[in-house]
Amino acid sequence: MGGGSTAREHPIEYFSASTLAALVNYPLWRASALGQSGFRVVGMNLPSSVPSSLAPYLYAFSPPYKGLSATVMGMSWARAAIFYGSDRGKEILETMGVEHTTATIVPPLIVSSCVQIINMPLVRATILLQNPESNVPNIRESLKQIYKSNGIAGLWHGTSAGILKTVPKYCTAIFVKDYKRVLPKVDPQSTTKDRDQLIHSAIKSAAAGVAGAGMCFSLQMHISTISNIL
C-alpha cells in the first residue's frame, strides 16, 4: 500500500494497517495524554528506586485500559481516512492534470482537517477518561461530563490547536512517503519485485513517520511557547 496507484484496490489494507498502528501506539498515546493534560498519577505502589517521572509511563502500560476500544477505533478510522483519502485524492487530481506537488499536498490538507474536526469530541472524551483521579467510567459518561461542564462547544474545544498540530504532520508524512526520487526504481521484470516493493514501502513509511513526528514535536514546542507568552 505504499504507492498512490494502489489506493483504490486496497481500502481494507489501509484500515488494517491503521488499526495495527493504533493498537501498538495506544500505551504511548496514553502516556502522552497524561503528560500533556497535566494529570497526576496516584495510587500506584512504586518502588522508591523508580523516578516519579516514569510513573505516567508505568501507568500508561498497565491495566485497566480505559477507553481502549474507542481510542483505537478513533485513531484507526482517522489514519485510514487520511492516508487512503490522500492517496486516492492524489490519483484523482493527477488525472485532472493537477501538478504533482499540489496533488500530493492538497488532499491530506483537506482530509486531515475534516477528520480532526469530526474526531474532536472523541479525542476530548478519551483524553478525559485517562485522568487517574477521575471516576468517569466510560466514553459515554465522559462526553456527558464535557457537555454538562462546557456545553456543545466544549466537545470541540481545542480544535484549532489540534488542526495546527496534526495537519502539518500528516502533510509532511505523506509528502515524504511519496517522494520517490531518492530510491531506485523497482524492476517490474525482477524475480524479487515483490520483496523490493515491500522494502521500498517500509523505507518510505519509516521516513514519513520520522518526518511527521519531527514536525509534530516542533509544532508542539512552538504552540507551548506561544501559550506561555500569552
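Structure data summary
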| read-out | value |
| --- | --- |
| Some residue of the range 33-40 being under 19 Å from Thr166 (Cα atoms), crowded, with 17+ Cβ neighbours inside 10 Å and at pLDDT 80 or above | yes |
| Whichever residue in the range 100-110 is open to solvent by less than 40 Å² (accessible area, probe 1.4 Å) and touching a Phe, Trp or Tyr at 6+ places or on another chain (Cβ under 7 Å) and, among such residues, is nearest to Leu164 (Cα to Cα) | Pro108 |
| Within the range 127-147, considering residues that are free of Cβ contacts under 8 Å to residues at least 12 places away in the same chain and in a helix (DSSP H, G or I), the one least open to solvent (accessible area, probe 1.4 Å) | Glu141 |
| Of all residues in the range 148-169 being open to solvent by less than 30 Å² (accessible area, probe 1.4 Å), in contact (Cβ under 8 Å) with a residue 12 or more places away in the chain and part of a helix (DSSP H, G or I), the one that is farthest from Arg79 (Cα to Cα) | Gly154 |
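Residue-by-condition table, conditions (1) surrounded by fewer than 16 Cβ atoms within 10 Å (Cβ to Cβ); (2) of a type in the set (Val, Ile, Thr); (3) not in a helix (DSSP H, G or I):
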residue: Pro64; (1), (2), (3): yes, no, yes
residue: Met73; (1), (2), (3): yes, no, no
residue: Ser76; (1), (2), (3): no, no, no
residue: Gly89; (1), (2), (3): no, no, no
residue: Ile92; (1), (2), (3): yes, yes, no
residue: Val98; (1), (2), (3): yes, yes, yes
residue: Ser112; (1), (2), (3): no, no, no
residue: Val115; (1), (2), (3): no, yes, no
residue: Ile118; (1), (2), (3): yes, yes, no
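The values are calculated or read from the model by the stated rules, or taken from the named source; none is laboratory data. Keep in mind that what you see is a predicted model, and the values were worked out from it rather than measured. Reconstructed Cβ throughout: ideal geometry from the backbone, glycine too, with neighbour counts over all protein chains shown. With ligands, DNA and RNA removed, areas are computed over all heavy atoms of the protein, side chains included. Shrake-Rupley method; radii C 1.70, N 1.55, O 1.52, S 1.80 Å.
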